[in-house]
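Some notes on the structure that comes next.
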């Protein structure tokens, strides 16, 4: 895992030394509307928060589909005893999904 300094170095454009922000796309759920979350985002210039429009789940469709695949292809098929098991299973699925699993868009 990267520490804060290395993370900012990784997010810095080598030509301009400007921070290239990571965009967080979220729905309009309560945690993403809280003042605490807004203060967190404001305190981190490396992050940019974008909310999807109300009642438009299609705007966040890629993420929603990925979570659905995670649940049905991995989590519902495994015995998850605690939060650490959940993290391990989700991370293993993420690696499989992004590196091993064939994607329809790639033919």
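Quick notes on this one:
- Hits in the stretch 23-72 (condition: loosely packed, with under 14 Cβ neighbours inside 10 Å, out of contact with any helix residue (DSSP H, G or I) (no Cβ under 8 Å at 6 or more places or on another chain) and outside any helix (DSSP H, G or I)): 23, 28, 29, 34, 43, 45, 50, 54, 55, 56
- Filter result for residue 74 (at negative phi and free of Cβ contacts under 8 Å to residues at least 60 places away in the same chain): yes
- Filter result (touching a helix residue (DSSP H, G or I) at 6+ places or on another chain (Cβ under 9 Å), farther than 25 Å from residue 28 by Cβ and surrounded by 10 or more Cβ atoms within 10 Å (Cβ to Cβ)) within the stretch 73-85: 73, 74, 78, 80
- Cβ pairs under 6 Å, 6+ apart, first in the stretch 17-30 and closer than 13 Å to residue 63 by Cα, second loosely packed, with under 12 Cβ neighbours inside 10 Å: 25/50
Each reported figure results from applying straightforward, stated rules to the coordinates on display, with no laboratory input. Keep in mind it's a predicted model, so treat the numbers as computed, not measured. Because the Cβ atoms are built from the backbone with ideal geometry, glycine has one as well, and the counts that use them run over all protein chains shown.
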